[in-house]
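Novice: One structure follows; several queries about it will come next.
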Amino acid sequence: MEPVILGLVLGGLYALLAQSFVLTFITTKTLNFAVGEFVALGAFATIAVSSWSWLPSFGRVAVGFLAASVVGALAYRFIVLPFTTQGEHDTRWLLSTVALSFVMLNLITNVEGPSPQRSGTARLGGSVDVLGVGVSKQQLLLAVLAVVISLILIVVSQRTSIGLVMRAVSQDPETTSLMGISPRLVGMGAYAVAMGLAGLAGVLYAATVGASPVMGAPLLVASIAVAVIGGLGSLWGPLLGGALYGVLSEVASFQYGAIWGETAGLLLVIAVLVWKPEGLLGRRMEVKL
């Protein structure tokens with residue numbers, strides 16, 4: 001039972017980051033491979049204002065979210081959008097976001113240094129008992145937050161005009177632009193929210209492991225894997241993918257060692273891609289030529 005509970009909790013962190021990939025994909029059909037650096041950006045932005053005694057803890061967390069959001073919106077406008085001018089088959093944005101990852105990593109390292117920095121913002125000490133298993137309060141907070149944010153995003157996408165606009169832009173940006181809706185602004189908004197979530201995850205994760213320029217790198221592969229397992233076209237996907245990936249990885253680690261835990265998670269990704277390439281909750285897209 002212990003590896004199952006710990007896997008579900010750990011999967012919450014991966015699911016929160018996986019939503020960053022899903023949000024940008026369902027809106028712009030692009031992915032930002034610099035998400036790991038946005039995790040670090042959010043953490044360091046919070047540390048930068050940690051000495052402001054007049055700003056409450058919630059405000060410091062908001063600073064981390066907003067810093068990543070603003071940079072995310074600008075990244076879409078100037079780094080992603082210019083490389084999507086040749087239709088859905090134009091994948092130059094992939095290289096541009098990888099380049100952005102290296103640029104942000106170098107900038108953060110030069111400004112903050114390579115050593116981890118302690119962060120006490122939004123830190124919950126101790127653990128709680130979950131079905132007889134001791135779980136870190138900080139990790140549990142991340143897992144609960146992933147579920148809450150996912151549910152909010154699902155409601156917004158399915159029950160509000162904002163969600164309708166997002167789906168319209170994703171399916172036919174040219175027609176929506178003729179109707180007075182700016183696909184560019186919608187894309188910037190999606191990137192702002194998505195990268196803000198990555199920054200938020202960074203703030204809460206740094207309270208456990210400390211903030212460092214490379215803190216998001218170990219989470220990147222797992223979060224992409226979770227998004228692929230659940231389906232890049234489904235906001236429910238990260239919750240299912242996070243649970244499956246987290247539990248399988250923890251159970252395999254518990255039984256056979258840490259290296260087999262990582263391997264088991266990636267084997268699950270391969271199995272899903274072979275059996276259901278669009279993801280467990282994704283829908284197969286038909287392209288008419």
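The values are calculated or read from the model by the stated rules, or taken from the named source; none is laboratory data. A quick note: this is a predicted structure, and the numbers were derived from the prediction, not measured. All Cβ positions, even for glycine, are placed from backbone atoms using ideal geometry, and neighbour counts span all protein chains on display. Only protein heavy atoms, including side chains, enter the accessible area calculation; ligands, DNA and RNA are left aside. Shrake-Rupley method; radii C 1.70, N 1.55, O 1.52, S 1.80 Å.
One line per residue, one yes/no per condition, for (1) within 18 Å of the chain's Cα centre (by Cα); (2) in contact (Cβ under 8 Å) with a residue 60 or more places away in the chain; (3) farther than 16 Å from Ser170 by Cα:
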residue	(1), (2), (3)
Ile79	no, no, yes
Phe83	no, no, yes
His89	no, no, no
Leu94	yes, yes, yes
Ala99	no, no, yes
Val103	no, no, yes
Leu107	no, no, yes
Asn110	no, no, yes
Ser115	no, yes, yes
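Novice: Six or more apart or on different chains, Cβ under 6 Å: which pairs go from a residue in the range 123-148 that's in contact (Cβ under 8 Å) with a residue 40 or more places away in the chain to one that's assigned to a strand (DSSP E or B) and surrounded by fewer than 13 Cβ atoms within 10 Å (Cβ to Cβ)? Could you list them?
Specialist: Val135/Val128
Novice: Within the set of pairs 6 or more residues apart or between chains, which connect a residue that is in a strand (DSSP E or B) inside the range 190-213 to a residue that is of a type in the set (A, V, I, L, M) and open to solvent by 10 Å² or more (accessible area, probe 1.4 Å) with Cβ atoms less than 8 Å apart?
Specialist: Ala211/Ile47
Novice: Is one or more of the residues making up the range 151-171 surrounded by fewer than 19 Cβ atoms within 10 Å (Cβ to Cβ), of a type in the set (Lys, Arg) and under 21 Å from Leu66 (Cα atoms)?
Specialist: No, the range 151-171 contains no residue that is surrounded by fewer than 19 Cβ atoms within 10 Å (Cβ to Cβ), of a type in the set (Lys, Arg) and under 21 Å from Leu66 (Cα atoms).
Novice: Do we find a residue being over 30 Å from Ser119 (Cα atoms) and open to solvent by 30 Å² or more (accessible area, probe 1.4 Å) anywhere in the range 55-76? Working first, answer last.
Specialist: If we filter the range 55-76 for residues that are over 30 Å from Ser119 (Cα atoms), which is where we start, we get none.
No, every residue in the range 55-76 fails to be over 30 Å from Ser119 (Cα atoms) and open to solvent by 30 Å² or more (accessible area, probe 1.4 Å).
Novice: Can you name every residue in the range 22-34 that is touching a Leu at 6+ places or on another chain (Cβ under 6 Å) and closer than 25 Å to Thr121 by Cβ?
Specialist: Answer for the range 22-34, where residues must be touching a Leu at 6+ places or on another chain (Cβ under 6 Å) and closer than 25 Å to Thr121 by Cβ: just Ala34.
Novice: Looking only at the range 221-260, how many residues end up being open to solvent by 10 Å² or more (accessible area, probe 1.4 Å) and either closer than 15 Å to Leu16 by Cα or part of a loop (DSSP other than H, G, I, E, B) (or both)?
Specialist: 14
Novice: Any idea which of Ser157, Ser177 is among the hydroxyl-bearing types (Ser, Thr, Tyr), within 24 Å of Val22 (Cβ to Cβ) and either under 22 Å from the mean Cα position of the chain (by Cα) or modelled with pLDDT of 95 or more (or both)? Spell out how you get there, then give the answer.
Specialist: Details: Ser177 fails: either under 22 Å from the mean Cα position of the chain (by Cα) or modelled with pLDDT of 95 or more (or both).
After ruling out the rest, the residue left standing is Ser157.
Novice: Quick test of your reading of the structure: Leu124 fulfils all but one of (1) part of a loop (DSSP other than H, G, I, E, B); (2) at pLDDT 90 or above. Name the failing condition by number.
Specialist: (2)
Novice: Among the residues of the range 34-54 satisfying the criterion of being open to solvent by less than 50 Å² (accessible area, probe 1.4 Å) and of a type outside the set (A, V, I, L, M), which is nearest to Arg184 (Cα to Cα)?
Specialist: Within the range 34-54, the subset open to solvent by less than 50 Å² (accessible area, probe 1.4 Å) is 34-47, 49.
Restricting the remaining residues to those that are of a type outside the set (A, V, I, L, M) gives 36-38, 42, 44, 46.
Values: Gly36: 24, Glu37: 23, Phe38: 21, Gly42: 24, Phe44: 28, Thr46: 29 Å.
Of everything passing the filter in the range 34-54, Phe38 is nearest to Arg184 (Cα to Cα).
Novice: Could you check how many residues of the range 77-112 are open to solvent by less than 30 Å² (accessible area, probe 1.4 Å) and of a type outside the set (Phe, Trp, Tyr)?
Specialist: Qualifying residue count for the region: 8.
Novice: Going through the range 189-220 one residue at a time, which ones are in contact with a Lys or Arg (Cβ under 9 Å, 6 or more places away or on another chain) and surrounded by fewer than 20 Cβ atoms within 10 Å (Cβ to Cβ)? Spell out the reasoning first.
Specialist: Pass one, the range 189-220, residues in contact with a Lys or Arg (Cβ under 9 Å, 6 or more places away or on another chain): 191, 203-204, 206-208, 210-211.
Within the range 189-220, Thr208, Gly210 meet the criteria.
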